[in-house]
Every structure is written in C-alpha cells, then in structure tokens.
1. In degrees from 0 to 90, rounded to the nearest 10, what is the angle of the helix 67-76 Cα long axis to the longest principal axis of the chain?
2. To the nearest 0.05, what FRET efficiency results for Ala79 and Val12 with a Förster distance of 25 Å applied to their C-beta separation?
3. Over all distinct Cα pairs, what is the inverse of the mean 1/r for the chain, reported as the Kirkwood hydrodynamic radius in Å?
4. Only Cα pairs under 8 Å and at least 6 apart count here; give the relative contact order of the chain as a rounded whole percent.
5. In nm, give the distance between the simple-model label positions of Val36 and Glu48, each being 7 Å from the Cα along the Cα-to-Cβ direction.
6. Using 0.36 nm per residue of separation minus the Cα-Cα distance, give me the extension gain between Met22 and Ala2 in nm, one decimal.
7. What's the lysine pair count for the chain at a Cα cut-off below 26 Å, pairs eight or more apart or interchain?
8. Per-residue ellipticity at 222 nm for the chain, helices alone: DSSP H runs ≥ 4 residues times -39500 (n - 2.57), over residue total, nearest 500 deg cm²/dmol?
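Any read-out appearing in this document is the output of simple, stated calculations on the displayed coordinates, not a laboratory observation. From a predicted model like this one, the values you see are computed outputs, not experimental measurements. Cβ: placed from backbone, ideal geometry, glycine included. Neighbour counts: every protein chain shown.
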Amino acid sequence: MAKSLCGCSVTVSTMDGKTCNMKITEVIKPGMKKIVAGQGLPFPKNPEQRGDLIVEFDVNFPDSLPCNAKDVLKRHLPA
C-alpha cells in the first residue's frame, strides 16, 4: 500500500524477455495503466518496429487498518 501511495520503481518484463524499469511518482490506483513506448509486440508488416507495451496495475488495499495506522494516515494525508 505504501508504494502505491508514495511512488516506487517497478521492473517490467517486455515481450522480448528484456526488463524495463519504470519510476512511478504519482499515486497508483487499481486498474491504472502506464505505457512503455516501443516495447510491445512487433508490427506484422514491419517486424523491426514495435508497438507500445501497456502495463496495468493491480493494487490490493487492506480491508481494514488498526486504529493507530488510521491516526497516522489522517495526520499525514490531505483531507
């Protein structure tokens, strides 16, 4: 949860087996999508050129929080 709220670096596997590091600075919401330009599937008529890779985030937030965690979040997050 902290990474989705505060930002993080994510390593993504590309279609050709390489990896790509993405630095995420905004809040990650469930279902949010980011695009990695030129790292998707090759175009059928021009295999040297690739489409974009779309990364969709699946964020799991807890169903409940202890009272002390709620108090800390309330003090530090905007209303």
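1. 70
2. 0.15
3. That comes to 15.0 Å for the chain.
4. 24
5. About 2.3 nm separates the two model spin labels.
6. Stretched out fully, the Met22 to Ala2 stretch lengthens by 5.5 nm.
7. 16
8. Numbers: 2 runs with 15 residues, N = 79.
The helix-only estimate for the chain comes to -5000 deg cm²/dmol at 222 nm.
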